[in-house]
């Protein structure tokens, strides 16, 4: 299974980025091998959540761990079959541990309003 964690940097010791569509990096973690691939996010001025959801779909992500997710991103992620876990904080490593222990809530709804191109 491939898990994506939104992050402020390139490794699991960096913080969780709280805004999915405008996250600096997506850390793609193979749940079997624990290999981590850091993918830099390049959000556009408009539709960042949709673009980010498409990227995760192309990368074959099964699970997203993030702080918050907007309405357009939720639609795109659900269409791609990505399960969404929100409320993550601390380091990406902490967030992964919280997901694995079952302490992060799964959601099928936005946890914040859309941004219209602003962070």
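Quick notes
- Percent of beta bridges antiparallel (DSSP, the chain, rounded to nearest 5): 70
- 15 Å reach of a label modelled at residue 112, 7 Å along Cα-to-Cβ, counting backbone N of segment 61-80: 65-74
- For the chain, the alpha-carbon coordinates run over 35, 25, 25 Å along the three principal axes, in decreasing order.
- Cβ crowding within 10 Å averaged over residues, with 47-54, 82-89, 101-108 ranked highest first: 47-54, 82-89, 101-108
Just so you know, all these numbers are worked out from the coordinates, no wet-lab data involved. What you see is a predicted model; the values in this text were computed from it and never measured. Neighbour counts run over all protein chains shown; Cβ positions are idealised from the backbone, glycine included.
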